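Take a look at the structure set out below.
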Amino acid sequence: MNRDPGGTTRAGTTPLEEGAEAAEEAALIARIAGGEPHRYGALVDRYQRRLWWSCLRMLGDPDEADDVVQEAFVRAWERLDEFDPARRFYPWLFTIARNRCLNALRRRRTWGFLSLSRGDPPQIAAREGAGEWAEDAGLARALEECLGTLPADQREAFDLRHGEGFRYAEIAGVLEVPEGTVMSRLHRAREKMRDCLESKGWNP
Amino acid sequence: MRDNDASRERGPDAGEHVGERLDAYRTGELDAETRRRVEAHLEACGRCREELAALGAWAAAIERGYETRRADAAALVPDWAAQRSAIVARTSGRNVSERRRAFGRWAPQVALVALAALIVGIVWRENPREQPALTRTAETAPAIEESGRESDADEARSRRADAPSPTDAPAAAAPPAVAPPTVSPERARENAGELEKQAGREQAEDLRERQEALADRVAEPSPAAPLEDSLADVERFEREGRAALEARDTSAARRALSLWSDTLLPSGVLGGQRVSLADSLREFLEPAE
């Protein structure tokens with residue numbers, strides 16, 4: 001029985017690697033806040049793609065996602081002295097962006113998640129190939145279809161955990177719910193996702 | 001691995017199943033006490049051990065699925081360099097510790113409100129017959145004077161103001177009224193008289209000069225209205241860029257792209273907003289050039 005929870009973490013990184021990355025990032029942010037603002041571009045480089053993708057999933061509109069990414073980075077910059085260096089930067093940045101996405105959605109009065117369960121948007125051409133890539137593409141389609149069957153609160157928790165790689169405490173912070181609630185939502189979401197994926201022939 | 005009821009069942013010998021906590025246990029996110037309880041349960045529960053053993057591979061496959069979806073969205077991605085430039089342009093040149101000082105943050109707005117109030121007052125003063133006969137006392141005059149000083153802040157000029165257009169601004173030859181702006185003509189004369197009596201003609205003259213100087217400044221075309229200009233530029237870029245693509249007009253497309261490159265991007269305000277349109281224009285022009 002493998003009961004070494006510290007052996008692996010999210011996305012295949014080890015705790016040591018994750019700790020080193022966090023320390024390097026904290027040092028970078030300290031330098032930016034300490035009078036080296038030109039280094040902010042390094043943070044932009046690091047997270048702009050990931051953040052844009054997340055915003056695209058929430059908003060369903062590439063241009064709008066682009067706007068939110070810019071605004072979120074600028075807002076994060078303005079509030080950098082409030083950032084807690086003991087935490088990871090990205091979840092904090094993401095929270096700023098998510099709030100802006102939610103505001104945009106409220107304005108739009110529709111919940112505009114890019115639901116791939118309704119079929120791929122025409123712009124996203126599903127690439128076909130051989131071997132592992134085709135397998136991944138099939139899994140990705142099944143994944144999106146199944147995500148579309150989840151209630152919104154479970155889907156968002158699942159996205160944050162498995163799509164964003166957030167920790168439980170970070171998800172709780174973003175969603176403003178207790179960690180126990182996050183665990184419950186995710187557990188129910190995983191059960192449904194397993195059922196759904198298996199019904200489509202996927203048993204990862 | 002599957003045990004849909006794992007979290008709800010209570011095993012007779014193993015205690016409550018720990019399905020909800022296995023993922024956090026796997027990634028080392030549980031507090032010490034919860035972790036001990038989970039481990040104690042795992043010692044006795046084969047189903048939870050199986051679930052834990054399979055969970056890592058399952059999560060890794062799901063994450064690979066997400067990665068694939070990101071790759072599939074490649075056709076939609078913005079111009080990363082343009083996006084980066086726009087962000088950096090809006091954040092560079094300012095130290096983090098400098099950009100949130102309370103007064104600095106609100107001073108432009110405060111100055112703007114003061115300026116707008118004074119402008120409205122001046123315009124009303126210029127059109128006395130259209131004014132409602134508001135009651136106002138001469139005691140408020142010093143406050144107006146302060147507003148005039150506040151309005152001198154350069155930042156106020158660079159902000160978008162709901163101010164009258166330059167053509168609405170009063171002519172240089174302002175009447176020698178010294179009354180506060182929102183006062184009826186009769187009351188204005190009374191106020192002027194009272195003020196002159198109270199503070200002397202010199203002070204009244206000084207106030208009049210200040211108002212006239214401010215009116216002249218308002219009458220000038222504003223040299224800096226970056227937000228307003230940028231919004232207009234963005235709208236123009238969208239309108240002309242789309243029209244150029246529809247009409248397949250290369251020179252119009254080139255003009256729109258110049259607007260994008262020369263004005264919107266360097267301004268840093270909303271610069272990267274319509275990268276897709278810019279990309280489309282570039283793609284359209286590429287074969288032509």
Those residues that are out of contact with any Gly (no Cβ under 9 Å at 6 or more places or on another chain) and among the basic types (Lys, Arg), I need them from the range A:143-198; list them, please.
A:Arg161, A:Arg167, A:Arg185, A:Arg188, A:Lys192, A:Arg194
Residues (under 25 Å from A:Arg57 (Cβ atoms), of a type outside the set (A, V, I, L, M, F, W, C) and facing another protein chain (nearest Cβ under 7 Å)) located in the range B:76-93:
B:Pro78, B:Gln83, B:Arg84, B:Arg90
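How many residues does the range A:85-106 contain that are outside any helix (DSSP H, G or I) and not charged (D, E, K, R)? So that I can check it myself, show each step before the final result.
From the range A:85-106, those outside any helix (DSSP H, G or I) are A:85-88; that's our starting set.
Checking the rest, the ones that are also not charged (D, E, K, R) come to A:85-86.
Of the residues in that region, 2 qualify.
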Identify the residue in the range A:142-180 that is farther than 21 Å from A:Trp52 by Cα and of a type in the set (Gly, Ala, Ser) and, among all such residues, is surrounded by the most Cβ atoms within 10 Å (Cβ to Cβ).
A:Ala142
Across the range A:161-193, what is the number of residues that are free of Cβ contacts under 8 Å to residues at least 40 places away in the same chain and part of a helix (DSSP H, G or I)?
20
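Quickly run through the range B:38-48 and pick out the residues that are part of a helix (DSSP H, G or I) and touching an Asp or Glu at 6+ places or on another chain (Cβ under 9 Å). Working first, answer last.
If we filter the range B:38-48 for residues that are part of a helix (DSSP H, G or I), which is where we start, we get B:38-44, B:46-48.
Correct list: B:His41, B:Ala44, B:Arg47, B:Cys48.
Filter the range A:70-95 for residues that are among the small types (Gly, Ala, Ser) and more than 10 Å from every other protein chain (Cβ to nearest Cβ) and give the result.
The first filter runs over the range A:70-95 and keeps only residues among the small types (Gly, Ala, Ser), leaving A:72, A:76, A:86.
Across the range A:70-95, the qualifying residue is only A:Ala86.
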Which of the residues spanning the range B:32-64 are aliphatic (A, V, I, L, M), buried (at least 18 other Cβ atoms within 10 Å of the Cβ), under 19 Å from A:Lys192 (Cβ atoms) and touching a residue at least 24 places away in the same chain (Cβ under 8 Å)?
B:Leu55, B:Ala59
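Read the figures in this text as sums done on the coordinates, not as results from a lab. On a predicted model such as this, the values are computed, not experimentally measured, just so you know. Note: ideal-geometry Cβ built from the backbone for every residue, glycine included; neighbour counts use all protein chains shown.
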